[in-house]
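The structure appears below as structure tokens.
The values are calculated or read from the model by the stated rules, or taken from the named source; none is laboratory data. From a predicted model like this one, the values you see are computed outputs, not experimental measurements. Reconstructed Cβ throughout: ideal geometry from the backbone, glycine too, with neighbour counts over all protein chains shown. SASA here: full protein model, heavy atoms, side chains in, ligands and nucleic acids out. Shrake-Rupley method; radii C 1.70, N 1.55, O 1.52, S 1.80 Å.
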Amino acid sequence: FALQVSHVQSADILSLPLVELTRRLQEGSLCPETVLYTYIEKALEVTQQTNCLRHFIPECAEQLQEIRRRKEKGLLYGIPISIKDHIGHKGHLSTCGLVQFLNAPVQEDSVLVKVLKRQGAIPFALTNVPQSLFSYDCSNAIFGQTLNPLNHQKSPGGSSGGEGALIAGGGSILGIGSDIGGSIRLPSSFCGLCGLKPTSDRLSVWYTCLLKVDAGSCPLPVPCALGPMARDVDSLALCMKALLCEEMFRLDPTVPPIPFNEQVYLSSAPLRIGYYDTDGYFPLPPCMRRAVRETRDALRAAGHELVPFAPPRIHYVMTELFLKTFFADGGHTFLELFTGNIVDPGLKPQMNCYKIPTLGKKLLALILKPLVITVVSICRSVSNMWKHQHQITAYRTEFITMWRDLRLDVVLCPVLGPAFTTGYPGKLLTAISSTMLYNVLNFPAGVVPVSRVTEADEEELKLYQGYCDDPWDRTLKQAVTGAVGLPVAVQCVALPWQEELCLRFMKEVETLHRGK
């Protein structure tokens, strides 16, 4: 293609924001073929450096011809889009980094892929994930380790780490990830992107490999959500607008037929914003707390009302609600996933913990942090499972009541970061409390980069002791050391089904910091 069309200015195309690229494709000043092959070329360059792609999708050429034959151009006409490994694309594998799925090509496009194609998008690449998806690193024994394009010593995050690396490296303008504990938001934080975890079921999750992997280990109380990742908030909003269409509601009747409310997204009314810079469970590095405080001050100066907010009982949420959801049987179902698999080194610390006999776990729980307690807390009976589901519902009610009592519109809070050195995420599963909370609550939550790690942050990190200066706190310190220049992000949260308000808040944060 490059030989046939030698005049193409790839750098110009790659520099265009999604909204502007869409406009030029719609008006015909750029052709879809030029844009597609420009991004394929760039994606190849990025994956050679970071190993972020599982493979390209050859059928993208067929989709290119299909959209050219149509009379109507969709909202994403001609936009190349990357998708995470486990989001089903007909004729391709959804491996989740596990060997048992290597011989089972997907028989039908997932609903999300069908809607993207209907809107004129061109899925062109499948991106790498960690083994089993239950990790916020990005490595598996089949396709290997994905690296952060901003610093190859660092992880891109996970489990949507391939998406994070590809988009941050410039090889994709829009990607679709999934999130069940932070898997969109953590790669966005580590790679300096914008990412949105919607309310579960705002977008269809039909025909994703995640459902068959988690059928035994992840009941409904903490559901999975699919969502967009991109370089700016307007791109996320455009993607949500395109997906929330009649085609989505027709193909998956379990998705509430709620179109995107552009009036809410474009509103400029002052917001009443709750905020906190620590959840009291796992203390984050100084730069992440600084980002919240600086954003709070900028929002206040812009005319918004800022109200201190303290999320209740995070220790209880982490130990009794979140991890017990995944390991209700002590981790036995999770371990079965690895039958016949070589366990990726990044998962071995977790796997070793799950393999400890119950008595040993109880003894360790007396002297170690709640990580071990969670694996001891086994819901062996049906009545205990019902009790667990009731506890989650009760906590959601408690949290919403606090939110309503303070008359909050949205909440500003920290997200885990900056990017960890590769290999460290598997040693610090409980560090994800900042994102995990909003999976338990099933609130829409997004991440926006607002700053970078400074030399002063690195100096302050040397004094970091966490809450106990124990092995976990010291491991976190090691994981984030050497991050000068890497992105620092904040998290923006709204109540369920208010994705447009969440995006509007994210846009406000983005605008303030870009202006600064």
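Key figures
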| quantity | calculated |
| --- | --- |
| 11 Å beta-carbon shell around PRO198, net charge (K/R +1, D/E -1) | -2 |
| Cut-off under 5 Å, modelled amide H: who pairs with LEU306 long-range | ILE273 |
| Exposure rank, largest accessible area first [TRP497, TRP386, TRP472; 1.4 Å] | TRP386, TRP497, TRP472 |
| Highest average packing first - 314-322, 473-481, Cβ atoms within 10 Å | 314-322, 473-481 |
| Kirkwood Rh and Cα Rg combined as Rg over Rh, evaluated for the chain | 0.95 |
| Placed amide H near VAL490: partners under 5 Å, 5+ positions off or other chain | VAL448, VAL450 |
| Region 436-516: C-alpha pair distances exceeding 21 Å, % | 49 |
| Accessible area of region 39-163 divided out per residue, in Å², using a probe of 1.4 angstrom | 34 |
| Karplus (6.51, -1.76, 1.60) ³J(HN,Hα), θ = phi - 60°, over region 82-91, in Hz, Gly and Pro reported as x | 9, 10, 5, 2, 8, 7, x, 10, 3, x |
| Extended-chain gain in nm, criterion 0.36 nm per residue less alpha-carbon gap, ASP329 and LYS355 | 8.2 nm |
| Label-to-label distance, nm, for residues given as GLU398 and ALA2 (7 Å Cα→Cβ offset) | 5.9 |
| Reduced Cα scattering model of region 35-145, Debye log10 I(q)/I(0), q = 0.20, 0.24 Å⁻¹ | -1.07, -1.33 |
| Low-density loop cleavage sites - GluC sites (Glu not before Pro) in region 3-91, where at most 11 other Cβ are within 10 Å (DSSP) | GLU72 |
| GLN49/GLN100 FRET efficiency (R0 22 Å; Cβ-Cβ; nearest 0.05) | 0.15 |
| DSSP beta bridges in the chain [antiparallel fraction, %, rounded to 5] | 70 |
| Low-density loop positions, trypsin sites (Lys or Arg not before Pro), region 48-111 - DSSP coil, at most 11 other Cβ in 10 Å | ARG70, LYS71 |
| Global geometry of region 1-92, whether rounded, prolate or oblate, following the gyration tensor of its Cα atoms and the 1.5 cut on a/c | oblate |
| Crossing angle, helix 499-515 versus the chain [Cα axis fit, 0-90 degrees, rounded to tens] | 80 |
| Amide H within-cut-off set for LEU174, under 5 Å, with H built and near neighbours excluded | SER82 |
| Label-point gap, in nm, between THR454 and GLN263 - each point 7 angstrom along Cα→Cβ | 4.3 |
| C-alpha center-to-center spacing [region 115-189, region 228-282] in angstrom | 20 |
| Accessible-area composition of the chain, carbon plus sulfur, in percent [1.4 Å probe] | 55 |
| Model label zone, LEU14; criterion: amide N under 20 Å from point 7 Å along Cα-to-beta-carbon; scope region 113-142 | 122-128 |
| Spin-label model distance (nm) - ARG24 vs GLN389, 7 Å beyond Cα toward Cβ | 5.2 |
| Cubic angstrom per residue, convex hull over Cα atoms of region 142-284 | 167 |
| Highest average packing first - 324-334, 255-265, 416-426, Cβ atoms within 10 Å | 416-426, 324-334, 255-265 |
| Whole-angstrom gap from region 446-508 to region 45-80, using each part's C-alpha centre | 33 |
| In range of the label at PHE309: residues from region 413-435 whose backbone nitrogen is under 15 Å from the point 7 Å along Cα→Cβ | 413-415, 434-435 |
| Exposure rank, largest accessible area first [SER132, SER29; 1.4 Å] | SER29, SER132 |
